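Asks: This structure is in structure tokens; I'll ask about it shortly.
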């Protein structure tokens, strides 16, 4: 069995792009300063880059799953252009107050650890060696609930200290 790898889990809105509330239009995509520097550094340190994002806007009818996937294709292309390609994207379109077929209290919806555990299984990840960056308590709780070793709460800014935290981690 191959050695398990480590990942940097990223929330989307508020971590990758500015969170204006239910962002899904490409023309509204504004990347957070420093996100690409962080991701390039993480790649150099051997981290897989994985987005794990709640998308209640789908469940609530603000945009469609197709709208979301189109937006994420734009994000994926920009990460490639910035020399830090994403390894995967996990999303939860469900919400307990959503509309059918999206009305569900899903085990994937953060703070539940479902998306992170699915990523760990799919990519043979060592969650204890992995890190998560989020902008909400639910992101951090998902990381804790999944056993992610380093969980970092940000305030809409990527600081160079995060890169230093990744560099200082063993393995």
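The values are calculated or read from the model by the stated rules, or taken from the named source; none is laboratory data. Note that the structure is a prediction, hence the values are computed from the model and not measured. Cβ atoms come from the backbone with ideal geometry, glycine included; neighbour counts cover every protein chain shown.
Asks: Given the conditions (1) out of contact with any helix residue (DSSP H, G or I) (no Cβ under 8 Å at 6 or more places or on another chain); (2) surrounded by 15 or more Cβ atoms within 10 Å (Cβ to Cβ); (3) touching a residue at least 60 places away in the same chain (Cβ under 8 Å), report the number of the one that residue 124 does not fulfil.
Replies: Failing condition for residue 124: (2).
Asks: Scan segment 157-169 and tell me whether some residue there is over 14 Å from the mean Cα position of the chain (by Cα), surrounded by 14 or more Cβ atoms within 10 Å (Cβ to Cβ) and modelled with pLDDT of 95 or more.
Replies: There is no residue in segment 157-169 that is over 14 Å from the mean Cα position of the chain (by Cα), surrounded by 14 or more Cβ atoms within 10 Å (Cβ to Cβ) and modelled with pLDDT of 95 or more.
Asks: Moving on to the next point. Report whether or not residue 48 is within 16 Å of residue 127 (Cα to Cα) and surrounded by 13 or more Cβ atoms within 10 Å (Cβ to Cβ).
Replies: Judged against the criteria, residue 48 is a match.
Asks: Out of all the residues in segment 88-101, which are outside any strand (DSSP E or B), surrounded by fewer than 19 Cβ atoms within 10 Å (Cβ to Cβ) and touching a strand residue (DSSP E or B) at 6+ places or on another chain (Cβ under 9 Å)?
Replies: 96, 97, listed by residue number.
Asks: Among the residues in segment 63-73, are any within 19 Å of residue 7 (Cβ to Cβ) and either assigned to a loop (DSSP other than H, G, I, E, B) or in contact with a strand residue (DSSP E or B) (Cβ under 9 Å, 6 or more places away or on another chain) (or both)? Reasoning before the result, please.
Replies: Restricting attention to segment 63-73, the residues satisfying the condition of being within 19 Å of residue 7 (Cβ to Cβ) are 72.
Add one more test, that the residue is either assigned to a loop (DSSP other than H, G, I, E, B) or in contact with a strand residue (DSSP E or B) (Cβ under 9 Å, 6 or more places away or on another chain) (or both), and what stays is 72.
Yes; the residues of segment 63-73 include at least one that is within 19 Å of residue 7 (Cβ to Cβ) and either assigned to a loop (DSSP other than H, G, I, E, B) or in contact with a strand residue (DSSP E or B) (Cβ under 9 Å, 6 or more places away or on another chain) (or both).
Asks: Every residue in segment 159-171 that is out of contact with any strand residue (DSSP E or B) (no Cβ under 8 Å at 6 or more places or on another chain), within 22 Å of residue 17 (Cβ to Cβ) and touching a residue at least 12 places away in the same chain (Cβ under 8 Å), please.
Replies: Within segment 159-171, the first condition is being out of contact with any strand residue (DSSP E or B) (no Cβ under 8 Å at 6 or more places or on another chain), and the residues that meet it are 159-161, 163-164, 167-168, 170.
Cutting the leftovers down to within 22 Å of residue 17 (Cβ to Cβ) gives us 159-161, 163.
Residues satisfying the conditions are 159, 160, 163.
Asks: Which of the residues belonging to segment 105-121 are in contact with a helix residue (DSSP H, G or I) (Cβ under 6 Å, 6 or more places away or on another chain), surrounded by fewer than 20 Cβ atoms within 10 Å (Cβ to Cβ) and assigned to a loop (DSSP other than H, G, I, E, B)?
Replies: Of everything in segment 105-121, those that are in contact with a helix residue (DSSP H, G or I) (Cβ under 6 Å, 6 or more places away or on another chain), surrounded by fewer than 20 Cβ atoms within 10 Å (Cβ to Cβ) and assigned to a loop (DSSP other than H, G, I, E, B) turn out to be 107, 111.
Asks: Being surrounded by fewer than 18 Cβ atoms within 10 Å (Cβ to Cβ) and touching a strand residue (DSSP E or B) at 6+ places or on another chain (Cβ under 9 Å) is the filter here, so list the residues in segment 137-148 that pass it. I'd like the intermediate steps shown before the answer.
Replies: Initial filter on segment 137-148 (surrounded by fewer than 18 Cβ atoms within 10 Å (Cβ to Cβ)): 137-138, 141, 144-145, 147.
Across segment 137-148, the qualifying residues are 137, 138, 141, 144.
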